[in-house]
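The values are calculated or read from the model by the stated rules, or taken from the named source; none is laboratory data. None of the values given here were measured: they were computed from a predicted structure. Virtual Cβ from ideal backbone geometry, glycine too; neighbours counted across all protein chains shown. Note: accessible area is taken over every heavy atom of the protein model, side chains too, but ligands, DNA and RNA are not part of it. Shrake-Rupley method; radii C 1.70, N 1.55, O 1.52, S 1.80 Å.
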Amino acid sequence: MAVIISGKELSLQIRGEIGKESAEFEKKYGRLPGLAVIIVGENPASKVYVRNKHRACGECGMYSEVIELAEETTEEELLQVIDTLNERGDIDGILVQLPLPRHIKESVVINRISPEKDVDVFHPTNVGKLTTGNYTLAPCTPAGVIEMLVRSGVEIQGKKCVVVGRSNIVGKPLALLLLEKNGTVTICHSRTKNLKEECLEADILVAAIGKAKFITSDMVKPGAVVIDVGINRNEEGKLCGDVDYENVEPLCSYITPVPGGVGPMTITMLMKNTLLAAEERASKG
Ligand code: GUN
């Protein structure tokens, strides 16, 4: 029987800690840390995510502003909104919810956000800092995974870590964070040969593929720690991860559930990044 790492419970604890730090920040600087979230168009999933981010800000005692723009908003108009937020003293974090409508170029928008307010950690300057280990902000989902491991007492140093998935948002930056914790890291992907054998080597196995039940029990070493980053819907429309949880869980020492695992931690780390960005900006005067 595995220990189930509850992202929901850990998030509650961490949001409590962030709430205290936000209150201290307010005492010191006379304002709350502030996050602006921009959403363009009507994507229903994005709307849910944005609402959750707004709610989390409230829970952490932070200021939050949601800017809802019409689907027809031009790239230039969106860039102007970002410019205004870049200049505002009361806004520490700017997040543009993705995906954007097809007529707006994602990279142009991301590059416009001031790196010091880039709480998603998508700006090339921040990605570069992450690569060299010289950073304040770590991307939210990978940072959430590390926090879950560390707070559960899972040692990373010297462990064989296998990350399945190489996305810019999860797989690649998570590999960097695990490496920084002195893990021995392998990144696997759709072209990897002998994927099963690679996974079987893992002390810590991270599934970030985006395919329901992709990681089956024959791919998991007994006693492994399994982290499931996937958010999929099964045939019945139920939320499920990338791991065949029912059959894999009995093999593991630790496992994260879906829902209630990595998902809530991602938003919690966004709150943490907003606080860190606020402290960094405020300390510079
Ligand atoms: N859409 C899905 N995930 C994310 C994320 O982490 N950040 C942003 N900005 N948009 C997303």
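Which count do you get for residues in the range 105-134 that are part of a loop (DSSP other than H, G, I, E, B) and buried (at least 19 other Cβ atoms within 10 Å of the Cβ)? Working first, answer last.
Pass one, the range 105-134, residues part of a loop (DSSP other than H, G, I, E, B): 105, 113-114, 118-123, 133-134.
With buried (at least 19 other Cβ atoms within 10 Å of the Cβ) added as a condition, the list becomes 113, 118-123.
Number satisfying all stated conditions: 7.
How many residues does the range 68-80 contain that are open to solvent by less than 40 Å² (accessible area, probe 1.4 Å) and within 25 Å of the chain's Cα centre (by Cα)?
Looking only at the range 68-80, we keep the residues that are open to solvent by less than 40 Å² (accessible area, probe 1.4 Å), and these are 69, 73, 78-79.
From what's left, within 25 Å of the chain's Cα centre (by Cα): 69, 78-79.
Residues in the range 68-80 being open to solvent by less than 40 Å² (accessible area, probe 1.4 Å) and within 25 Å of the chain's Cα centre (by Cα): 3 in total.
Just to be sure, is SER46 within 16 Å of the ligand (Cβ to nearest atom), buried (at least 16 other Cβ atoms within 10 Å of the Cβ) and hydroxyl-bearing (Ser, Thr, Tyr)? Full working, then the answer.
Values: within 16 Å of the ligand (Cβ to nearest atom): yes; buried (at least 16 other Cβ atoms within 10 Å of the Cβ): yes; hydroxyl-bearing (Ser, Thr, Tyr): yes.
So SER46 passes the test.
Whether any residue in the range 269-281 is crowded, with 22+ Cβ neighbours inside 10 Å, among the hydroxyl-bearing types (Ser, Thr, Tyr) and farther than 14 Å from THR141 by Cα is what I want to check.
So the first thing to find is which residues in the range 269-281 are crowded, with 22+ Cβ neighbours inside 10 Å, and the list is 269-275, 277-278.
Then drop every residue that is not among the hydroxyl-bearing types (Ser, Thr, Tyr), which leaves 274.
Pick out the ones that are also farther than 14 Å from THR141 by Cα and you get 274.
Yes, there is a match, as at least one residue in the range 269-281 is crowded, with 22+ Cβ neighbours inside 10 Å, among the hydroxyl-bearing types (Ser, Thr, Tyr) and farther than 14 Å from THR141 by Cα.
Just to check your reading of the model, which residue among VAL226, VAL206 is in a strand (DSSP E or B), at pLDDT 95 or above and under 30 Å from ILE110 (Cβ atoms)? Talk me through it step by step, then tell me what you get.
Details: VAL226 fails: under 30 Å from ILE110 (Cβ atoms).
The conditions single out VAL206.
Report whether or not PRO99 is within 16 Å of the ligand (Cβ to nearest atom) and under 25 Å from LYS221 (Cβ atoms). Don't jump to the end; show me each part of the working.
Numbers: within 16 Å of the ligand (Cβ to nearest atom): yes; under 25 Å from LYS221 (Cβ atoms): no.
Considered against the rule, which asks whether it is within 16 Å of the ligand (Cβ to nearest atom) and under 25 Å from LYS221 (Cβ atoms), PRO99 comes out as no.
What number of residues within the range 191-231 are without any contact (Cβ under 8 Å) to a residue 40 or more places away in the chain and open to solvent by 20 Å² or more (accessible area, probe 1.4 Å)?
Qualifying residue count, the range 191-231: 19.
From the list ILE110, ILE104, pick out the single residue that is over 17 Å from the mean Cα position of the chain (by Cα) and either within 15 Å of the ligand (Cβ to nearest atom) or within 17 Å of GLY171 (Cβ to Cβ) (or both). Even if it seems obvious, please write down each step before you answer.
Working: ILE110 fails: over 17 Å from the mean Cα position of the chain (by Cα).
Checking each option against the conditions leaves just ILE104.
Have a look at ILE39, ILE4, ILE14 and point out the one that is open to solvent by 70 Å² or more (accessible area, probe 1.4 Å) and at pLDDT 95 or above. Give the derivation first.
Numbers: ILE39 fails: open to solvent by 70 Å² or more (accessible area, probe 1.4 Å); ILE14 fails: open to solvent by 70 Å² or more (accessible area, probe 1.4 Å).
From the options ILE39, ILE4, ILE14, the qualifying one is ILE4.
Among the residues of the range 135-169, which ones are within 16 Å of the ligand (Cβ to nearest atom), within 21 Å of ALA277 (Cβ to Cβ) and in a loop (DSSP other than H, G, I, E, B)?
Result: LEU137, ALA138, PRO139, ASN168, ILE169.
Kindly indicate whether GLY61 is farther than 16 Å from CYS140 by Cβ, open to solvent by less than 50 Å² (accessible area, probe 1.4 Å), assigned to a loop (DSSP other than H, G, I, E, B) and at pLDDT 95 or above.
On the way: farther than 16 Å from CYS140 by Cβ: yes; open to solvent by less than 50 Å² (accessible area, probe 1.4 Å): yes; assigned to a loop (DSSP other than H, G, I, E, B): yes; at pLDDT 95 or above: yes.
Taking the combined requirement at face value, the residue satisfies it.
Are there any pairs, at least 6 apart or on different chains, whose C-beta atoms fall under 6 Å, with the first in the range 1-25 and under 22 Å from GLY241 (Cβ atoms) and the second of a type in the set (Lys, Arg), and if so, which?
Matching pairs, first to second residue: LEU10/ARG151.
Output the residue which, of all residues in the range 170-184 that are open to solvent by 40 Å² or more (accessible area, probe 1.4 Å) and in a loop (DSSP other than H, G, I, E, B), is nearest to the ligand (Cβ to nearest atom).
Looking at the filtered set, the residue picked out is LYS181.
Within the range 82-100, track down each residue that is surrounded by fewer than 19 Cβ atoms within 10 Å (Cβ to Cβ) and either in a loop (DSSP other than H, G, I, E, B) or of a type in the set (Val, Ile, Thr) (or both). Don't jump to the end; show me each part of the working.
Initial filter on the range 82-100 (surrounded by fewer than 19 Cβ atoms within 10 Å (Cβ to Cβ)): 83-84, 86-90, 98-99.
THR84, ARG88, GLY89, ASP90, LEU98, PRO99 - these are the residues of the range 82-100 that are surrounded by fewer than 19 Cβ atoms within 10 Å (Cβ to Cβ) and either in a loop (DSSP other than H, G, I, E, B) or of a type in the set (Val, Ile, Thr) (or both).
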